[in-house]
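The values are calculated or read from the model by the stated rules, or taken from the named source; none is laboratory data. This structure is a prediction, so every number in the text was calculated from the model and none was measured. Here the Cβ positions follow ideal geometry from the backbone for every residue, glycine too, while neighbour counts run over all protein chains shown. Ligands, DNA and RNA are stripped out before the accessible areas are found, and what is left, the full protein with its side chains, is counted by its heavy atoms. Shrake-Rupley method; radii C 1.70, N 1.55, O 1.52, S 1.80 Å.
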Amino acid sequence: MPALRCAAVTVSTPPDPSLAPRALGKRALPEVWAEHWRASPERPVLFDATRGWLSWGALEAASAAAAARLAGAGLGAGDRVLIAAPSSCDHAVALVACLRLGLVIVPANPGYRPAELQALAREAAPRAALVADAAQAACLRGLASLGLVTTPALPGAAGPRPPLDRMGPEAPALLAYTSGTTGRPKGVLLRHGNLQASAEALRSAWHWVPEDRLVHALPLFHMHGFGVGLLGTLQAGASALLLPRFEPGAVLEAVARHAATLFFGVPTMWHRLAEAPGVGALASLRLCVSGSAPLPAALHARLAERAGVSILERYGMTETGMLTSNPVAGERRAGSVGFPLPGVELRLAGPNGEIEVRGPNVFGGYLDRPDANAAAFTADGWFRTGDLGALDPDGALRIVGRAKELVISGGYNVHPQEVEEVLRAHPGIEDAAVVGAPSPEWGELVTAYLVGPEPIPLDEVRRHCAERLVAYKHPRRLHWVAELPRNALGKLQRHRLRDGRVAPDEEPG
Ligand code: MCA
Ligand code: AMP
C-alpha cells in the first residue's frame with residue numbers, strides 16, 4: 001500500500017454566512033443565474049468595448065434569444081456545439097445560451113491550425129460550430145458530422161422561446177479536449193454540477209460578492225477564463241470586463257477606469273505586469289490571483305515591491321476545476337498553492353507524493369476512453385492529477401514536480417509528443433524530442449532537439465510547425481544533436497535533455 005498523506009485543513013471559513021458554500025455540485029449553473037437576473041435585472045454584469053455594459057436582465061434576454069436561434073436551427077439538449085472565438089460579450093452570451101438550452105460546449109482555440117481543429121471536431125462530433133475565423137469555418141465545413149457552421153453570427157431564425165434552464169446537476173455542460181500523449185485527444189466531460197461546485201467553492205473561498213468587478217483578460221476557451229473568470233462572476237452575481245486579449249496597459253487602464261476589484265492571470269501575465277509602467281494601479285484591487293502554472297517566489301516578491309500587492313496563488317485542472325487556494329484572509333504564501341477548496345479532498349500518494357483528488361468538482365472520466373480512465377482513477381475512485389506535491393506542516397500544499405510529460409508555456413499546456421510527431425513528419429528530420437526549458441517570462445519554453453542526416457535551415461523547421469500547430473506549441477528553441485538520449489529499451493530520456501546533459505551541435509536559432 002503506498003504512503004498516503006491527506007490534507008485535512010480546508011481554506012479559511014468565510015466571515016459572512018452568505019459566503020458559506022451552498023449546494024456544492026447539487027445545482028445546474030443557470031439555477032443561480034436566474035436568482036441574480038430576477039433579483040437585480042438592472043445591475044451590470046458583462047462589459048466589452050463593442051457592446052458596453054450588459055445588465056443581468058439584458059444577459060437573460062440576449063441568452064434566451066440566442067438559445068431560440070440555436071433551437072430554431074434544430075439543436076436540443078445534449079447536442080454538442082464547438083465554439084472558437086476571442087473573448088467578447090457575444091461569446092459569453094453564446095456560452096450562457098448553450099448552457100441554458102442544455103447544449104454541451106466544446107471550446108476550441110481560435111488560433112488552431114486546420115489539422116488541430118479537424119482532429120478535435122472529428123473526436124467531439126459536434127452538431128454545430130460557432131467559429132469567428134473564416135479560415136477555421138472553412139476547414140470545418142468539409143466534415144460530414146457537422147450540421148452547420150456559421151461565422152460568426154448565431155445560426156437560424158429566432159424561433160419561439162424554447163424551454164430553458166431545465167437541466168439538473170448531472171446534465172453534461174462542457175466537453176474540453178486535452179491534446180493527450182498518444183495523438184488522440186481526450187475529451188474531459190464536465191457536468192453542470194462539477195462546474196457549479198468549482199464556481200461556488202471559489203465564491204465562498206475568495207469572498208466573491210456582487211460588488212466585485214473582474215478585469216478578465218483570459219481566453220474563454222480554457223478552464224481558467226471560462227470556469228474561474230466567467231462562471232465565478234456569474235455564480236457570485238458580480239461583474240466582469242472582457243478584454244479581447246491581454247495587454248498590460250489595457251489591464252491597468254481598465255482597473256482604474258472601471259473601479260475593478262479583481263484580476264486573475266497566469267504567471268506570464270504577472271511577469272509582464274510587474275515590469276509595466278503604472279503597475280501601482282493594481283494596488284486598488286481587492287484580490288489578485290495567479291494560476292495555471294507555478295508563480296515563482298521572486299515574482300511574488302517583485303509584485304509586492306512594485307505594486308504593493310500580495311498575489312494569491314491557486315491550483316486547478318481542466319478535469320477538476322479548482323482544487324486549492326491560498327486564503328484571502330491570512331498569509332498568501334509564495335511557492336504554495338494553499339489549502340483544499342470547499343468540497344475538495346486531497347491526498348498525496350506513493351513515494352513521489354502524486355496529488356490525488358476527489359470531490360463534486362471532479363469530472364466523471366474521459367469520454368469513451370476506458371483505457372485512459374483506468375489509468376487516471378485509482379481503484380477507490382480518486383483522480384490522479386499527475387502533479388507531485390508536498391505538504392507544509394500546517395497542511396498547505398506545494399507543487400514540487402510533475403509525473404506527466406507536459407510543458408506549460410505561458411499557462412498553455414503543450415504535450416511534447418504532439419510537437420515531436422509534427423517535427424518527425426518533416427522529411428529532413430529523422431527524430432525529435434521536445435522538452436520545456438526554464439524561462440522567466442514563459443515559465444517553460446518549448447524546446448526541440450532534432451536529429452537529421454544533415455541540418456536543414458531552422459526557418460524551414462519553423463515554417464513547417466507554423467502550418468500545423470497553433471503558435472504557443474511552436475518550438476521557440478531548436479537544436480540539432482547527433483543523437484537523442486535513449487535508455488536500453490529505446491525509450492526517450494527527456495530528463496537528460498532538460499538537465500542539459502546532451503550538448504547541442506548548434507546554438508538556438
Ligand atoms: C502566445 N504565444 C505563445 C504563448 N502565447 N508562445 C508560447 N507560449 C504561450 N503561452 C505566441 C504568440 O502567438 C506569438 O507568436 C508570440 O508567442 C508572442 O506573442 P505575445 O503577443 O507576446 O503573446 P500574447 O498573445 O500576449 O500571449 C501571452 C499570454 C497568452 C497572454 C500570456 O499566452 C495567454 O493568454 N495565456 C493564458 C493561457 C490560459 O488561459 N491558460 C489556462 C489553461 P508569433 O510570434 O509566432 O505570432 S486552464 C489551466 O491551466 C488550469 C485549469 C488552471 O489551473 O488554470
Ligand atoms: P490544464 O490541463 O490546462 O487544466 O492544466 C492543469 C495543470 O496546470 C495542472 O495539472 C498543473 O500541472 C498546472 N497548474 C495549474 N495551476 C498551477 C499552479 N498554481 N502551480 C503549478 N502548476 C499549476
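Is it the case, given these coordinates, that ILE408 is under 17 Å from the mean Cα position of the chain (by Cα), surrounded by 18 or more Cβ atoms within 10 Å (Cβ to Cβ), at negative phi and in contact (Cβ under 8 Å) with a residue 12 or more places away in the chain?
yes
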TODO: Might you check whether a residue that is hydrophobic (A, V, I, L, M, F, W, C), within 27 Å of VAL362 (Cα to Cα) and in contact with a helix residue (DSSP H, G or I) (Cβ under 8 Å, 6 or more places away or on another chain) occurs anywhere in the stretch 152-160?
DONE: no
Task: Check on ALA129, closer than 29 Å to PHE47 by Cα, assigned to a strand (DSSP E or B) and aliphatic (A, V, I, L, M) - done: yes
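Here is a yes/no grid of residues against (1) under 30 Å from ASP16 (Cβ atoms); (2) at pLDDT below 95; (3) open to solvent by less than 30 Å² (accessible area, probe 1.4 Å); (4) in contact with a Ser or Thr (Cβ under 6 Å, 6 or more places away or on another chain):
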| position | (1), (2), (3), (4) |
| --- | --- |
| PRO169 | yes, no, no, no |
| LEU175 | no, no, yes, no |
| GLY187 | no, no, yes, no |
| ALA197 | yes, no, yes, no |
| TRP208 | yes, no, yes, no |
Task: Among the residues listed as PRO327, PRO393, PRO351, the single one being away from ligand 2 (no atom under 12 Å from the Cβ) and crowded, with 17+ Cβ neighbours inside 10 Å - done: PRO327
- [ ] Kindly indicate whether any position in the stretch 455-468 is closer than 21 Å to ALA115 by Cα, within 16 Å of ligand 2 (Cβ to nearest atom) and open to solvent by less than 20 Å² (accessible area, probe 1.4 Å).
- [x] no
Open item on the list: Looking at the stretch 266-287, I want the residues that are free of Cβ contacts under 8 Å to residues at least 60 places away in the same chain and on the phi < 0 side of the Ramachandran plot and have a partner that is hydroxyl-bearing (Ser, Thr, Tyr) and open to solvent by 10 Å² or more (accessible area, probe 1.4 Å) with Cβ atoms under 7 Å, at least 6 apart or on another chain. Which pairs are those?
Closed with: LEU285/THR261
Task: Options LEU101, LEU140, LEU117; residue that is in contact (Cβ under 8 Å) with a residue 40 or more places away in the chain, touching a strand residue (DSSP E or B) at 6+ places or on another chain (Cβ under 8 Å) and crowded, with 20+ Cβ neighbours inside 10 Å - done: LEU140
Task: Residues of the stretch 304-324 satisfying the condition of being crowded, with 18+ Cβ neighbours inside 10 Å and more than 16 Å from ligand 1 (Cβ to nearest atom) - done: ALA307, VAL309
